[in-house]
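Written below as structure tokens is the structure these notes are about.
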Amino acid sequence: LWGATGAVLAAYILNTINHIIAASMWGHEVGELFSAIISAPIVEESAKALILFIIFFWKKDEFDGILDGIVYAGMVGLGFAMTENVQYYGKAALQGGIEGTFILFIIRGGMAAFSHPLFTSMTGIGLGWARQSNSKAIKLLMPVIGFGLAMFLHALWNFSASLGTAVFFLTYGAVMIPTFVIALVSIIFAWRREGRVVREHLQCDLQRGIFSQEEYNRLCSVPGRMGASFRAFTKGGFGVWRARMEYNQIASELAFHRSRVARGFMSDPQSAAEREASYIQLLQDLRQRLGPH
């Protein structure tokens with residue numbers, strides 16, 4: 001929601017001001033280039049990153065690592081791109097008619113569809129890496145590096161577009177696609193890390209009999225969870241499927257809650273114990289609703 005509303009509005013106002021200032025000083029053409037290559041990357045990535053930093057610092061229990069960072073960044077980036085594309089499509093329809101709108105749709109809706117989420121995911125990865133690391137250097141540097149990469153990729157994308165079709169496609173193939181692949185690989189490694197966290201911090205529940213060995217194995221892998229959810233839907237319908245999805249989610253939240261406690265993020269032991277007890281109670285209630293599914 002922030003990406004599609006607040007971030008777009010803030011970016012539009014600041015980019016417009018910067019364009020007017022640059023154009024008044026150096027002329028219209030330089031103002032256009034300044035707006036695209038300098039102003040837009042700084043302003044737009046800052047506007048999108050704002051909500052990520054807010055969640056990172058004030059909602060620590062909702063931001064556990066790289067996967068969370070990529071998910072939040074992707075949501076913000078998609079929202080921003082959606083609103084921005086509507087503006088571009090409307091402008092193209094007024095100026096170039098159906099043909100111009102169709103060409104723009106192919107470029108922005110096809111080739112460039114992942115650009116804003118990709119740029120902002122660099123910030124998300126930097127914040128996520130900082131959150132899951134115990135190194136003070138990484139905690140300090142990675143958010144800055146990630147945010148810097150987001151602005152750099154955004155500037156490079158806009159700069160290549162200003163140099164013509166050949167340079168744009170070269171940049172697309174040599175930089176953007178490999179970066180996209182790196183982001184996908186980061187997601188895979190982040191999934192594996194989450195599996196290790198769940199495996200480590202739900203081990204005690206297996207030993208206490210809260211989970212059977214089969215249930216524990218399912219919860220510790222993405223395929224296992226997906227298979228359990230599919231079986232719940234086919235055997236029990238939508239209601240049981242929702243209960244299974246909630247069960248999986250609560251199990252993960254319990255594991256990451258314990259991980260945060262172990263790493264010193266929870267300063268109140270009593271509050272931490274009460275939250276853990278509430279997670280366990282929820283799991284037991286959901287287990288009764290799930291029955292044999």
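The values are calculated or read from the model by the stated rules, or taken from the named source; none is laboratory data. Note that this is a predicted model, so its numbers are computed, not measured. Cβ coordinates were reconstructed from backbone atoms using ideal geometry, including for glycine residues, and neighbour counts include every protein chain displayed.
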Among the residues of segment 180-196 satisfying the criterion of being crowded, with 17+ Cβ neighbours inside 10 Å and of a type outside the set (A, V, I, L, M, F, W, C), which is nearest to residue 216 (Cα to Cα)?
-> 195
Scope segment 193-229; condition within 25 Å of the chain's Cα centre (by Cα) and either part of a loop (DSSP other than H, G, I, E, B) or of a type in the set (Phe, Trp, Tyr) (or both); matching residues = 220, 221
Has segment 248-265 got any residue that is part of a helix (DSSP H, G or I), of a type in the set (Asp, Glu) and not assigned by TED's automatic domain parsing to the domain that holds residue 134?
-> yes
When every residue in segment 239-274 that is modelled with pLDDT of 90 or more and among the charged types (D, E, K, R) is compared, the one nearest to the chain's Cα centre (by Cα) is 253
Restricting attention to segment 1-55, and to residues there that are of a type in the set (Ser, Thr, Tyr) and within 20 Å of residue 163 (Cβ to Cβ), which single residue is surrounded by the most Cβ atoms within 10 Å (Cβ to Cβ)?
-> 39
For segment 154-168, how many residues are touching a residue at least 40 places away in the same chain (Cβ under 8 Å) and not polar (S, T, N, Q)?
-> 5
